[in-house]
1. Considering VAL58, VAL38, VAL49, which residue is in contact with a Ser or Thr (Cβ under 6 Å, 6 or more places away or on another chain) and either at pLDDT 85 or above or hydroxyl-bearing (Ser, Thr, Tyr) (or both)?
2. Which count do you get for residues in segment 62-101 that are in contact with a helix residue (DSSP H, G or I) (Cβ under 7 Å, 6 or more places away or on another chain) and within 17 Å of SER39 (Cα to Cα)?
3. Would you please name the residue that is modelled with the lowest pLDDT, looking only at residues in segment 1-27 that are in contact with a strand residue (DSSP E or B) (Cβ under 8 Å, 6 or more places away or on another chain) and open to solvent by 100 Å² or more (accessible area, probe 1.4 Å)?
4. Would a scan of segment 43-62 turn up a residue that is open to solvent by 80 Å² or more (accessible area, probe 1.4 Å), closer than 30 Å to GLN8 by Cα and of a type outside the set (A, V, I, L, M, F, W, C)?
Amino acid sequence: MVWIPKKQPRCESCGGRARPDVTLFTEALPEEEWERAVSFIERLEEGDVMIVAGTSSVVYPAASLPEYAKADGVTIIEFNLEFPTPLSSIADITVGGRAAETLPQFVAGVMEKRN
(Lines give C-alpha, C1' and ligand atoms only; values in the text may rest on other atoms or scores of the structure.)
Protein backbone atom coordinates (compact mmCIF):
# COMPACT_ATOMS: atom_id res chain seq x y z
CA MET A 1 0.00 0.00 0.00
CA VAL A 2 1.31 3.44 -0.87
CA TRP A 3 0.76 6.15 1.76
CA ILE A 4 0.73 9.59 0.18
CA PRO A 5 0.34 12.47 2.63
CA LYS A 6 -2.94 14.34 2.32
CA LYS A 7 -4.35 11.72 -0.07
CA GLN A 8 -6.39 8.66 0.64
CA PRO A 9 -4.14 5.60 0.33
CA ARG A 10 -4.58 3.28 -2.64
CA CYS A 11 -3.94 -0.42 -3.02
CA GLU A 12 -0.83 -1.06 -5.13
CA SER A 13 -2.43 -4.14 -6.72
CA CYS A 14 -5.84 -2.87 -7.80
CA GLY A 15 -5.68 0.90 -7.28
CA GLY A 16 -8.78 0.82 -5.06
CA ARG A 17 -9.07 2.98 -1.99
CA ALA A 18 -7.63 1.46 1.15
CA ARG A 19 -9.46 1.88 4.42
CA PRO A 20 -8.42 1.53 8.05
CA ASP A 21 -9.33 -1.57 10.04
CA VAL A 22 -11.79 0.34 12.22
CA THR A 23 -15.53 0.74 12.41
CA LEU A 24 -16.47 4.14 11.05
CA PHE A 25 -19.49 6.22 12.03
CA THR A 26 -22.76 4.85 10.60
CA GLU A 27 -21.22 1.37 10.23
CA ALA A 28 -22.32 -1.56 12.37
CA LEU A 29 -19.75 -3.17 14.59
CA PRO A 30 -18.61 -6.56 13.31
CA GLU A 31 -20.74 -9.11 15.18
CA GLU A 32 -17.83 -11.33 16.23
CA GLU A 33 -15.88 -8.42 17.75
CA TRP A 34 -18.96 -7.11 19.54
CA GLU A 35 -19.70 -10.53 21.03
CA ARG A 36 -16.08 -10.83 22.15
CA ALA A 37 -16.22 -7.41 23.85
CA VAL A 38 -19.47 -8.27 25.63
CA SER A 39 -17.97 -11.59 26.73
CA PHE A 40 -15.00 -9.79 28.31
CA ILE A 41 -17.30 -7.36 30.12
CA GLU A 42 -19.43 -10.21 31.44
CA ARG A 43 -16.34 -11.80 33.03
CA LEU A 44 -15.44 -8.65 34.96
CA GLU A 45 -16.46 -8.49 38.59
CA GLU A 46 -16.25 -6.24 41.60
CA GLY A 47 -12.62 -5.38 42.27
CA ASP A 48 -11.64 -5.43 38.58
CA VAL A 49 -10.62 -2.27 36.76
CA MET A 50 -11.70 -1.14 33.30
CA ILE A 51 -9.58 1.50 31.58
CA VAL A 52 -11.35 3.58 28.95
CA ALA A 53 -9.00 5.77 26.91
CA GLY A 54 -9.47 8.44 24.27
CA THR A 55 -13.15 8.20 23.46
CA SER A 56 -16.08 10.59 23.32
CA SER A 57 -18.26 7.90 24.95
CA VAL A 58 -21.20 8.83 22.75
CA VAL A 59 -21.12 6.13 20.06
CA TYR A 60 -23.38 3.23 20.96
CA PRO A 61 -23.40 0.33 21.45
CA ALA A 62 -19.69 0.47 22.37
CA ALA A 63 -20.29 3.34 24.80
CA SER A 64 -22.56 1.03 26.82
CA LEU A 65 -19.74 -1.37 27.75
CA PRO A 66 -18.39 0.71 30.67
CA GLU A 67 -21.97 1.15 31.92
CA TYR A 68 -22.45 -2.62 32.04
CA ALA A 69 -19.13 -3.04 33.83
CA LYS A 70 -19.94 -0.34 36.38
CA ALA A 71 -23.25 -2.06 37.18
CA ASP A 72 -21.21 -5.09 38.26
CA GLY A 73 -19.01 -3.04 40.61
CA VAL A 74 -16.05 -2.63 38.27
CA THR A 75 -13.81 0.40 38.86
CA ILE A 76 -13.79 2.65 35.79
CA ILE A 77 -10.75 4.80 34.98
CA GLU A 78 -11.22 7.27 32.13
CA PHE A 79 -8.29 8.81 30.24
CA ASN A 80 -9.33 11.60 27.90
CA LEU A 81 -8.24 14.90 26.48
CA GLU A 82 -11.58 16.62 26.99
CA PHE A 83 -13.92 16.44 29.97
CA PRO A 84 -16.59 15.86 30.84
CA THR A 85 -17.76 13.01 28.65
CA PRO A 86 -20.97 11.06 29.20
CA LEU A 87 -18.79 8.45 30.94
CA SER A 88 -17.25 10.92 33.39
CA SER A 89 -20.24 10.82 35.74
CA ILE A 90 -19.78 7.09 36.43
CA ALA A 91 -15.97 6.96 36.22
CA ASP A 92 -14.21 6.42 39.54
CA ILE A 93 -11.10 8.21 38.30
CA THR A 94 -10.73 10.64 35.40
CA VAL A 95 -7.31 11.51 34.03
CA GLY A 96 -7.06 14.53 31.76
CA GLY A 97 -4.59 14.88 28.91
CA ARG A 98 -3.50 12.96 25.86
CA ALA A 99 -4.01 9.26 26.56
CA ALA A 100 -0.80 8.49 24.64
CA GLU A 101 1.06 10.42 27.35
CA THR A 102 -1.02 9.96 30.51
CA LEU A 103 -1.74 6.24 30.19
CA PRO A 104 1.93 5.15 30.02
CA GLN A 105 2.69 7.40 33.02
CA PHE A 106 -0.19 5.83 34.93
CA VAL A 107 0.93 2.29 34.10
CA ALA A 108 4.52 3.10 35.10
CA GLY A 109 3.28 4.44 38.44
CA VAL A 110 1.18 1.34 39.08
CA MET A 111 4.08 -0.95 38.18
CA GLU A 112 6.45 1.02 40.44
CA LYS A 113 4.10 0.63 43.42
CA ARG A 114 3.63 -3.04 42.63
CA ASN A 115 7.36 -3.80 42.86
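1. One residue alone meets the criteria, VAL49.
2. Summing the residues that are in contact with a helix residue (DSSP H, G or I) (Cβ under 7 Å, 6 or more places away or on another chain) and within 17 Å of SER39 (Cα to Cα) in segment 62-101 gives 3.
3. It comes out as MET1.
4. The answer is yes, given that some residue of segment 43-62 is open to solvent by 80 Å² or more (accessible area, probe 1.4 Å), closer than 30 Å to GLN8 by Cα and of a type outside the set (A, V, I, L, M, F, W, C).
The values are calculated or read from the model by the stated rules, or taken from the named source; none is laboratory data. Keep in mind the model is a prediction, meaning the values are calculated, not measured. No Cβ is skipped: glycine too gets one built from the backbone with ideal geometry, and neighbour counts run over all protein chains shown. These accessible areas exclude ligands, DNA and RNA; they are computed on the full protein's heavy atoms, side chains included. Shrake-Rupley method; radii C 1.70, N 1.55, O 1.52, S 1.80 Å.
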